[in-house]
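> Below is a structure I'd like to ask you about.
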Amino acid sequence: MNLHVVALFKLNENYLMDAVELFQTLVRETRKEEGCLQYDLVEDKDNKGTFLMVELWESEEHLNRHNGQDHLLDFRKDISKMLESSTQVYRGRKIL
């Protein structure tokens, strides 16, 4: 059963250009992973510096493998100094 994930990032506006570069690498590399059905970065149109990573994975196992990938671990380390607040992650299954 597919797994949906939405991660909410609130970034310091001083780091937006650098953050977008990090996101570009993360998205490019993640889309190559087995089991990744969707991996899209969305910027909130009303709140500058607020981004959503919208993900769809074939299974929990695929997401678990993703969580151990070097490109994600590097992203987490590098983005941490640019965040205004902790990243919020929501995981769920499609109902309708």
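The values are calculated or read from the model by the stated rules, or taken from the named source; none is laboratory data. Computed from a prediction, not measured in an experiment: that's the story for all the values here. No Cβ is skipped: glycine too gets one built from the backbone with ideal geometry, and neighbour counts run over all protein chains shown. For the accessible areas, the whole protein counts, side chains as well, though only heavy atoms, and no ligand, DNA or RNA atoms are used. Shrake-Rupley method; radii C 1.70, N 1.55, O 1.52, S 1.80 Å.
> Among the residues of segment 28-56, which ones are open to solvent by 20 Å² or more (accessible area, probe 1.4 Å) and among the hydrophobic types (A, V, I, L, M, F, W, C)?
Result: Cys36, Leu37, Leu41, Val42, Leu52, Val54, Leu56.
> Against the definition (in contact with a helix residue (DSSP H, G or I) (Cβ under 6 Å, 6 or more places away or on another chain) and either closer than 15 Å to His66 by Cα or charged (D, E, K, R) (or both)), how does Glu29 come out, yes or no?
Here the answer is yes, as Glu29 does meet what is asked.
> Name the residue, out of Leu37, Leu22, that is of a type in the set (A, V, I, L, M) and touching a strand residue (DSSP E or B) at 6+ places or on another chain (Cβ under 6 Å). Lay out the reasoning, then the answer.
Details: Leu22 fails: touching a strand residue (DSSP E or B) at 6+ places or on another chain (Cβ under 6 Å).
After applying the criteria, what remains is Leu37.
> Scan segment 59-72 and give yes if some residue there is in contact (Cβ under 8 Å) with a residue 24 or more places away in the chain, among the polar types (S, T, N, Q) and closer than 15 Å to Asn2 by Cβ, otherwise no. Let's see the steps before the verdict.
Residues of segment 59-72 that are in contact (Cβ under 8 Å) with a residue 24 or more places away in the chain, as a first pass: 59-63, 65-66, 69, 71-72.
Cutting the leftovers down to among the polar types (S, T, N, Q) gives us 59, 69.
Checking the rest, the ones that are also closer than 15 Å to Asn2 by Cβ come to 59.
Within segment 59-72, one or more residues are in contact (Cβ under 8 Å) with a residue 24 or more places away in the chain, among the polar types (S, T, N, Q) and closer than 15 Å to Asn2 by Cβ.
> Residue by residue through segment 13-27, note down the ones that are open to solvent by less than 50 Å² (accessible area, probe 1.4 Å) and among the aliphatic types (A, V, I, L, M).
Pass one, segment 13-27, residues open to solvent by less than 50 Å² (accessible area, probe 1.4 Å): 16, 19, 22-23, 26-27.
Result: Leu16, Ala19, Leu22, Leu26, Val27.
> Under 9 Å between Cβ atoms, at least 6 apart or on separate chains: pull out the pairs that start in segment 80-96 with a residue that is in contact (Cβ under 8 Å) with a residue 12 or more places away in the chain and end on any residue that is part of a loop (DSSP other than H, G, I, E, B) and open to solvent by 100 Å² or more (accessible area, probe 1.4 Å).
Arg93/Met1; Lys94/Met1
> What is the number of the single condition among (1) in a helix (DSSP H, G or I); (2) within 27 Å of Leu96 (Cβ to Cβ) that Ala19 does not meet?
Unmet condition: (2).
> Report, by residue number, each residue of segment 57-93 that is part of a loop (DSSP other than H, G, I, E, B), open to solvent by 90 Å² or more (accessible area, probe 1.4 Å) and of a type outside the set (D, E, K, R).
Within segment 57-93, the first condition is being part of a loop (DSSP other than H, G, I, E, B), and the residues that meet it are 58-59, 68-69, 84-87, 93.
Now restrict to residues that are open to solvent by 90 Å² or more (accessible area, probe 1.4 Å): 84, 86, 93.
Once the filter is applied, which keeps residues that are part of a loop (DSSP other than H, G, I, E, B), open to solvent by 90 Å² or more (accessible area, probe 1.4 Å) and of a type outside the set (D, E, K, R), segment 57-93 yields only Ser86.
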